[in-house]
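The values are calculated or read from the model by the stated rules, or taken from the named source; none is laboratory data. In this text the structure is predicted, and so the values were computed from the model without any measurement. Because the Cβ atoms are built from the backbone with ideal geometry, glycine has one as well, and the counts that use them run over all protein chains shown.
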Amino acid sequence: MRVSFQTVDEFSAGQRLDNFLLKNLKNVPRSHIYRVIRKGEVRVNKGRKKQSTSCN
């Protein structure tokens, strides 16, 4: 598994986590993005987040 770090720019701040990842990870299937969020493998500022969390 590969770890990827994404930086949130000022235009994406406040956007839902799932929508941010879908927009920035174009080659990753939607089902995979939702699966890793549900499993807690996506972290924002070192904490696990749900898909409805905003990217601040």
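Kindly provide the set of residues from segment 30-55 that are among the aliphatic types (A, V, I, L, M) and either surrounded by fewer than 12 Cβ atoms within 10 Å (Cβ to Cβ) or modelled with pLDDT of 85 or more (or both), ordered by number. Matches in segment 30-55: Ile33, Val36, Ile37, Val42. Does Val28 meet the test of being in contact (Cβ under 8 Å) with a residue 12 or more places away in the chain and of a type in the set (Val, Ile, Thr)? When the stated conditions are applied, Val28 does not pass them. Has segment 20-29 got any residue that is of a type in the set (D, E, K, R), surrounded by 14 or more Cβ atoms within 10 Å (Cβ to Cβ) and either over 8 Å from the mean Cα position of the chain (by Cα) or in a loop (DSSP other than H, G, I, E, B) (or both)? No - not one qualifying residue is present in segment 20-29. Of all the numbered requirements in (1) in contact (Cβ under 8 Å) with a residue 40 or more places away in the chain; (2) small (Gly, Ala, Ser); (3) exposed (fewer than 13 other Cβ atoms within 10 Å of the Cβ), Ser12 misses one, and that requirement is (3). Among the residues of segment 30-51, the ones that are farther than 20 Å from Asp9 by Cα, part of a loop (DSSP other than H, G, I, E, B) and of a type outside the set (Lys, Arg) come to 2 in all. The set of residues from segment 1-35 being of a type in the set (D, E, K, R) and farther than 16 Å from Lys49 by Cα comprises Arg2, Asp9, Glu10, Lys23, Lys26, Arg30.
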